[in-house]
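Below: the structure, in structure tokens.
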Amino acid sequence: MEEELIISGRMNPKVDPMLHIWGWEIPFYLFVGGLAAGVLFFASFCYLQGKEHNYPAAIKIAPLFTPGLLVLGLMALFWDLNHKVYFWRLYTNIRLESPMSWGAWTLLVVTPLSVLWSFTYAREVFPKIDWKKQWIYQLERFFIQHRRTMAWIMVFYSVILGIYTGILLSAFNARPLWNTSILGPLFLASGLSAGAALIIWLSKNEIERRFFSRIDIVIIGAEIFFIIHMFMGFLASTEVQQEAAALFLGGPYTLPFWIFVVFIGMIIPALLELLELRGQRIPVYIPVVLILFGNVMLRFIIVYAGQASRYLY
């Protein structure tokens, strides 16, 4: 008789009965990163379209929140690290095949850029600001003169940031639920919807609100399209991906996903925005809160369900 020694890590903590290495930190980061990406995209895109005075909430006010959102996301990522003192090693090389490398360098560009963009509009939003030092006024004047350059860089990197939040998951081939190219566009669309919702909430301009309500309805339609095709792809694929889809089609994540994400987070706010565009008086915060809630739930459910999907039994 020939003996075989099989070494497996499946009995390690957090592996059986299901993989569980990511807690709340990762979905929280995916949410705030997507929200910041959506706000920065609309700010830079509208600026490049010459709408600086038409859409002040999108270009001047909403971006003031993005540095704080990105810092909170970075803090969550740092908290999730096991070896926190080595985080700097992400910046010692560039690996084009690594989503982690893409994300680290993208955040290194987007975060200071969001601070500089907010800095150039700070005195317009808060007229009582006095920088005290003359060199700060000179610095402000320099970046104001280069807003267009910043806008072109920001519109490009905000799209990368929004897509990256989905690619970060889809690169894990061992998780059947995450192993789909739809996650990148889905998370980008979700982040754009959240960004549009925040702009609607902050805007005092009826024309701006109606413009972004129309955009948001279209984006929500795109989200539903991506979700449907994601599950169609799973059901037409291998057995493990069919079983991953089953988590949402009769499995334990069915009610949370379809009620909290699709119905409450997409369909109801889209209908409310449509009613508002047709003249109905809808409190602006209701669809906005529902959209942001749906965004949060999408990230949490996808992250936790992805860790429950697996190849081995």
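The values are calculated or read from the model by the stated rules, or taken from the named source; none is laboratory data. Note that the structure is predicted; figures quoted are calculated from it, not measured. Methodologically, a virtual Cβ is constructed for each residue, glycine included, from the backbone with ideal geometry; neighbour enumeration extends over all protein chains shown.
Data table
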read-out: Leading residue by the ranking (nearest to LEU40 (Cα to Cα)) among those in region 143-181 that are aliphatic (A, V, I, L, M), touching a Pro at 6+ places or on another chain (Cβ under 8 Å) and outside any loop (DSSP other than H, G, I, E, B); value: ILE163
read-out: Residue within region 82-89 that is farther than 22 Å from TRP201 by Cβ, modelled with pLDDT of 80 or more and β-branched (Val, Ile, Thr) present; value: no
read-out: Search result, residues across region 76-133 that are over 27 Å from ARG148 (Cα atoms), of a type in the set (A, V, I, L, M, F, W, C) and part of a helix (DSSP H, G or I); value: ALA76, LEU77, PHE78, TRP79, VAL85, PHE87, TRP88, LEU90, MET100
read-out: Contacts under 8 angstrom Cβ, first residue in region 58-71 being touching a residue at least 24 places away in the same chain (Cβ under 8 Å) and under 14 Å from GLY195 (Cβ atoms), partner surrounded by fewer than 20 Cβ atoms within 10 Å (Cβ to Cβ) and of a type in the set (D, E, K, R), 6 or more apart; value: ALA58/LYS51; ILE59/LYS51; ILE59/GLU52
read-out: Criterion violated by GLY294 - all others in (1) within 21 Å of VAL39 (Cα to Cα); (2) over 23 Å from the mean Cα position of the chain (by Cα); (3) not hydrophobic (A, V, I, L, M, F, W, C) satisfied; value: (2)
read-out: Condition check for SER181: among the hydroxyl-bearing types (Ser, Thr, Tyr), modelled with pLDDT of 90 or more and within 19 Å of the chain's Cα centre (by Cα); value: no
read-out: Residue in region 269-298 that is farthest from ARG214 (Cα to Cα), counting only those that are modelled with pLDDT of 90 or more and of a type in the set (Val, Ile, Thr); value: VAL296
read-out: Test for VAL125: is it in contact with a Lys or Arg (Cβ under 9 Å, 6 or more places away or on another chain), on the phi < 0 side of the Ramachandran plot and β-branched (Val, Ile, Thr); value: yes
